[in-house]
Amino acid sequence: MRSYNPRVIEKKWQEHWKQVGAFEPEWESTKPKKYILSMFPYPSGAIHMGHVRNYCIGDALARYYRNRGFNVLHPIGFDAFGMPAENAAIKHKLHPKSWTYDNMDAMRAEFAALGLSFSAQQDLATCDPIYTKWEQEFFIQMWERGLIYRKKALLNWCPNDLTVLANEQVIDGKCWRCDTQVVQKEMEQYYIKITDYAEELLEDLQTLEGKWSPQVLLMQKNWIGKSYGLQCRFSLESSAKERSGIESLEIFTTRPDTIFGVTYCAIAPEHPLAKAMFDHLSAQQQEQIIAMQNTSARDRASAQKQGVDLGIKAIHPITGELLPIWVANFVLMDYGSGAVMSVPAHDERDFAFATMYGLPIKQALQTQNPLPCGDDGAMLDSSAFKGLSGDEARQAVIKHFEENALGSGVVNYRLRDWGVSRQRYWGAPIPIVHCESCGAVPEKRENLPITLPDDVLITGEGNPLASHAGFMQAICPKCGKRARRESDTMDTFVESSWYFLRYATQRSKWEQCAIDKASVSYWLEVDEYIGGIEHAILHLLYARFFTKVLRDLGYHCFNEPFAHLLTQGMVLKDGAKMAKSKGNVVNPKDILHAYGADTARLFILFAAPPIKELEWNDNGVEGANRFIRRLYERAQNAYPTKALPRIDGSKLDSGQKLARKKIYEALQKSQEVFTKRQNNYNFNTLIAACMEAFNALSAQDSPDVWTEGYFILLSILEPIIPHICWELSEELFGLANFGEIEVDSSVFASDESVYAVTINGKKRAEISVQASQDKQQVINQAKQAVEKWLLDATITKEVFVPNKLVNFVVV
Ligand code: ANZ
Ligand code: ZN
């Protein structure tokens, strides 16, 4: 018997595909298209099983549609800027650039070894200067439109290394490198006004319903966080006005119906009133406030509640009661107005704070549950609002404030403008020049791209660009005087916000334009976008936002980039996420080495439906390999032909009929799995159907049926295990032919029924039985089929379910 050698077969076809450019899309085509996109990787140097899963799913789709005559764009590239390259530079004394480009080469080789059908032509790296050039162009256009502005913001600052730290570099409030206590430092940052698009980003989520998972849509919605509420002023008591020089406190609440339960006010540590009162506080209180300010917003969210009593009072706008004003660490300066009316009876956070500091708790709504309780309920006080509840109550209170010119109803978004500047080397330089007379001026278009200097020393101290004299030197584009170049680079999320548009622009045009409108109109929307749930919020939101901005800048005419989104499940081992830190990683390289790419692909797509978690299982890998080996070895039972053999179904015996039926069932399943989008591509069920069909094929002896079976099975399985399918297809049928095959429905309309034969409930065989046979004949046939399991057993009972099942109960 011949033996399966994936190493030879896979190499042969990978070289063939490369040579003929088998996966390049057609440009200026009138064919129907499919744009299949897997999220591009960070060039860490090696792929992990999560990548393998992600790309095998996309590859199956791309191959399926290619086989069916679609013009398919299935690109890959690298999200190549970012911090790990700088960390490698610090740790291993490598240049971020060579580290990144070497890693990309290594990963490209791994993609090829997996037989992934990516377009080589459209491969891009976001750190390529030609990519940076257009990104800087977008930046300038957005700047000119007023979509980018500068604003002071608090950043993590290490006073020892004199450097800004990313959140990941702050460990327990200390610098990751030198363990110095991190402080918050105010610095000018660049912001993109994503909030200008908040409403559209929210509205358009509706157009994605049924196409993206409800879970992701909800996360997007919550992130945008639209809320209706009351913005109003609480006057300060006269002595408080005198001491602070401030008249009133502006607050924002989504629960005006709880207005009669307010017992104190809380403000952010950065609030102007806290600053105004600072000198009146004790040294200890001042220290507490400074400590709060030096904790990042992220850490404050998880920190213990903490407060400082400012010793002044605000006046309740309806009752006139005096309300103490506290600084509280959980109030954020950049949300609402940075001050809240606190209602401990109906808000958990306020309750915890009040309990901690002995502040009064006053119930304002009638509720079923014990306090604190945030449910809607009838207003309890004795004013005109009494008995109102929910939206009606909120509307009534807002109306009261509006009529008395004390406040107004407002819409508020949780979404913040996008801070895009980073004080790092390995990123796209922000194309701004600082001139003493003209201020911040965008670079001249002809000077783009502004590229990174290669001769830098990366130590982790400071931003190497800021200390690079050659880089920093610039000419003011406006007045021509000497000026200083901006040393900040862009957030890497900017690069991943438009790469899918770049892919859809033919490489030969990359120099002359950012985005080719005609080809982008043809290729977009992306038909299927596949990636991990960890990108459900930020990346997808920024990509949607950029798409809308670029539309408004005239680059294209559509509103949403991704028609469908498939969020793949995680890859687990021993019940935990496969991760270096957990020491449970299975390296794709090892699997490729031991079994070959087809086995890896088959296992990954067979072990679980794409959207579900996948538990790694060595036996499963073995099983997948066994199936492929058998498929290869038994191909000799089929004979070479250029077309499907003609088969007269009436001349077949029952085993042959069963085999044909199973083969066509698998074919039907294939169409169903690949095209019924709402089922999220359950390749596992398709593979199971193929395995069943192959078993049925193996249990009969007609060369015609074998041949027909192979013709169809290879066509079904090509998207999943392409190498062996191309190999056998060449051997048997002279060429790769995986096109559409029509289902011969006559195989289903038979005068036979299929019985499952089980022993003690466990399925052991399947038999096909003539309708004319009686019960005893069926049972006899069933016994023969499971003979080997009955050898040493005694049958105590026979269960017969007509047209379905024979079960033997044995001891
Ligand atoms: C009184 C109140 C009573 C509130 C109650 C809630 C429940 P969303 O829905 O997310 O928009 N808030 C307002 N500004 C804040 C800030 N800068 N930092 C922290 N919290 C702030 O949240 C709005 C609610 O969050 C507001 O409604 C306010 O507390 C608080 F039973 O006011 B509420
Ligand atoms: Zn100037």
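Residues in the stretch 226-245: is at least one crowded, with 22+ Cβ neighbours inside 10 Å, closer than 18 Å to Ala354 by Cβ, aliphatic (A, V, I, L, M) and near ligand 1 (Cβ under 10 Å from one of its atoms)?
no
Filter the stretch 565-612 for residues that are of a type in the set (S, T, N, Q) and either in contact with a Gly (Cβ under 8 Å, 6 or more places away or on another chain) or not in a helix (DSSP H, G or I) (or both) and give the result.
Thr567, Gln568, Asn584, Asn587
Considering only the stretch 475-490, I want to know if a residue exists there that is surrounded by fewer than 16 Cβ atoms within 10 Å (Cβ to Cβ), in a helix (DSSP H, G or I) and away from ligand 1 (no atom under 16 Å from the Cβ).
no
Taking only the stretch 90-120 into account, find how many residues are outside any helix (DSSP H, G or I), under 25 Å from the mean Cα position of the chain (by Cα) and surrounded by fewer than 18 Cβ atoms within 10 Å (Cβ to Cβ).
So the answer is 1.
Can you pull out the residues in the stretch 18-44 that are at pLDDT below 95 and crowded, with 24+ Cβ neighbours inside 10 Å?
Residues satisfying the conditions do not exist here.
Which helices (runs of 4 or more DSSP H) sit wholly inside the stretch 706-811 and have at least 2 residues that are among the aliphatic types (A, V, I, L, M) and closer than 30 Å to Gln14 by Cβ?
Details: elements: 722-733, 775-785, 787-790.
So the answer is 722-733.
Within the group Arg394, Arg414, which residue is within 26 Å of Phe351 (Cα to Cα), among the charged types (D, E, K, R), within 16 Å of ligand 1 (Cβ to nearest atom) and surrounded by 15 or more Cβ atoms within 10 Å (Cβ to Cβ)?
Arg394
Only one of Thr794, Thr758 is of a type in the set (S, T, N, Q), more than 30 Å from Pro640 (Cβ to Cβ) and crowded, with 18+ Cβ neighbours inside 10 Å; which?
Thr758
Conditions first: (1) crowded, with 19+ Cβ neighbours inside 10 Å; (2) under 30 Å from Val621 (Cβ atoms); (3) over 21 Å from the mean Cα position of the chain (by Cα). Ile47 passes all but one, so which condition is the exception?
(3)
Going by what's in this entry, would Gly336 be described as within 10 Å of ligand 1 (Cβ to nearest atom), modelled with pLDDT under 95 and within 25 Å of Cys373 (Cα to Cα)? Even if it seems obvious, please write down each step before you answer.
Working: within 10 Å of ligand 1 (Cβ to nearest atom): yes; modelled with pLDDT under 95: yes; within 25 Å of Cys373 (Cα to Cα): yes.
Judged against the criteria, Gly336 is a match.
If only one of Ala328, Ala303, Ala384 is within 26 Å of Glu237 (Cβ to Cβ) and either within 13 Å of ligand 1 (Cβ to nearest atom) or in contact (Cβ under 8 Å) with a residue 24 or more places away in the chain (or both), which one is it?
Residue meeting the stated conditions: Ala328.
Give me a count of the residues in the stretch 139-164 that are modelled with pLDDT of 95 or more and touching a Leu at 6+ places or on another chain (Cβ under 7 Å).
1
Take Glu692 and tell me if it is under 21 Å from Ala608 (Cα atoms), of a type outside the set (A, V, I, L, M, F, W, C), part of a helix (DSSP H, G or I) and without any contact (Cβ under 8 Å) to a residue 24 or more places away in the chain.
Answer is no for this residue.
Since Arg445 meets every condition but one in (1) at pLDDT 95 or above; (2) away from ligand 2 (no atom under 16 Å from the Cβ); (3) surrounded by fewer than 21 Cβ atoms within 10 Å (Cβ to Cβ); (4) under 22 Å from Gln189 (Cβ atoms), which condition does it not meet?
Arg445 satisfies all of (1) at pLDDT 95 or above; (2) away from ligand 2 (no atom under 16 Å from the Cβ); (3) surrounded by fewer than 21 Cβ atoms within 10 Å (Cβ to Cβ); (4) under 22 Å from Gln189 (Cβ atoms) except (4).
Going by the structure shown, is Lys174 of a type in the set (Lys, Arg) and loosely packed, with under 13 Cβ neighbours inside 10 Å?
no
From the list Glu461, Glu436, Glu446, pick out the single residue that is within 17 Å of Tyr131 (Cα to Cα) and more than 16 Å from ligand 1 (Cβ to nearest atom).
Result of the check over Glu461, Glu436, Glu446: Glu446.
Starting from the stretch 477-496, take each residue that is in contact (Cβ under 8 Å) with a residue 24 or more places away in the chain and under 26 Å from Leu124 (Cβ atoms) and list its partners that are of a type in the set (D, E, K, R) and surrounded by fewer than 21 Cβ atoms within 10 Å (Cβ to Cβ), counting only C-beta distances under 6 angstrom and pairs at least six apart or across chains.
Ser496/Asp79
Looking at the stretch 249-259, which of the residues that are crowded, with 17+ Cβ neighbours inside 10 Å and in a strand (DSSP E or B) is farthest from ligand 2 (Cβ to nearest atom)?
So, considering only residues that are crowded, with 17+ Cβ neighbours inside 10 Å and in a strand (DSSP E or B), the one farthest from ligand 2 (Cβ to nearest atom) is Thr253.
Determine if the stretch 529-550 includes at least one residue that is at pLDDT 95 or above, part of a loop (DSSP other than H, G, I, E, B) and farther than 20 Å from Gly58 by Cα.
There is no residue in the stretch 529-550 that is at pLDDT 95 or above, part of a loop (DSSP other than H, G, I, E, B) and farther than 20 Å from Gly58 by Cα.
If you check Thr195 against the conditions, is it closer than 22 Å to Val331 by Cβ, in contact with an Asp or Glu (Cβ under 6 Å, 6 or more places away or on another chain) and more than 16 Å from ligand 2 (Cβ to nearest atom)?
When the stated conditions are applied, Thr195 passes them.
Quick one: which residue in Ala474, Ala518, Ala469 is out of contact with any Ser or Thr (no Cβ under 8 Å at 6 or more places or on another chain) and within 16 Å of ligand 2 (Cβ to nearest atom)?
Going through Ala474, Ala518, Ala469 in turn, just one is out of contact with any Ser or Thr (no Cβ under 8 Å at 6 or more places or on another chain) and within 16 Å of ligand 2 (Cβ to nearest atom): Ala474.
Looking only at residues that are of a type in the set (S, T, N, Q) and within 37 Å of the chain's Cα centre (by Cα) in the stretch 393-437, which one is farthest from ligand 2 (Cβ to nearest atom)?
Filtering first and then ranking leaves Asn412.
Filter the stretch 570-609 down to the residues that are under 18 Å from Asn680 (Cα atoms) and touching a Leu at 6+ places or on another chain (Cβ under 6 Å) and list them by number.
If the condition is that a residue be under 18 Å from Asn680 (Cα atoms) and touching a Leu at 6+ places or on another chain (Cβ under 6 Å), then Val571, Ala607, Ala608 are the ones that fit.
Considering every residue within the stretch 209-227, establish whether at least one is farther than 30 Å from Glu525 by Cα and more than 16 Å from ligand 2 (Cβ to nearest atom).
For the stretch 209-227, residues farther than 30 Å from Glu525 by Cα and more than 16 Å from ligand 2 (Cβ to nearest atom): present.
Please verify whether the stretch 177-184 includes one or more residues that are touching a strand residue (DSSP E or B) at 6+ places or on another chain (Cβ under 9 Å), crowded, with 16+ Cβ neighbours inside 10 Å and among the acidic types (Asp, Glu).
Among the residues of the stretch 177-184, not one is touching a strand residue (DSSP E or B) at 6+ places or on another chain (Cβ under 9 Å), crowded, with 16+ Cβ neighbours inside 10 Å and among the acidic types (Asp, Glu), which makes the answer no.
Within the stretch 568-584, can you find the residues that are basic (Lys, Arg) and surrounded by fewer than 18 Cβ atoms within 10 Å (Cβ to Cβ)? Steps first, please.
To start, the set of residues in the stretch 568-584 that are basic (Lys, Arg) comprises 573, 577, 580, 582.
Lys577, Lys580, Lys582 - these are the residues of the stretch 568-584 that are basic (Lys, Arg) and surrounded by fewer than 18 Cβ atoms within 10 Å (Cβ to Cβ).
If you go through the stretch 777-797 one residue at a time, how many are hydroxyl-bearing (Ser, Thr, Tyr) and over 14 Å from Asn760 (Cα atoms)?
0
Is there any pair with a first residue in the stretch 197-220 that is on the phi > 0 side of the Ramachandran plot and a second that is in a helix (DSSP H, G or I) whose Cβ atoms are under 9 Å apart and which are 6 or more apart or on different chains, and what are they?
As it stands, the answer is Gly210/Gln678, since those pairs meet every condition given.
Here are some residues: Ile148, Ile224. Which one is under 30 Å from Leu448 (Cβ atoms) and out of contact with any Gly (no Cβ under 7 Å at 6 or more places or on another chain)?
Of the residues listed, the single one that is under 30 Å from Leu448 (Cβ atoms) and out of contact with any Gly (no Cβ under 7 Å at 6 or more places or on another chain) is Ile148.
The values are calculated or read from the model by the stated rules, or taken from the named source; none is laboratory data. What you see is a predicted model; the values in this text were computed from it and never measured. Backbone-built Cβ (ideal geometry, glycine too); neighbour counts: all protein chains shown.
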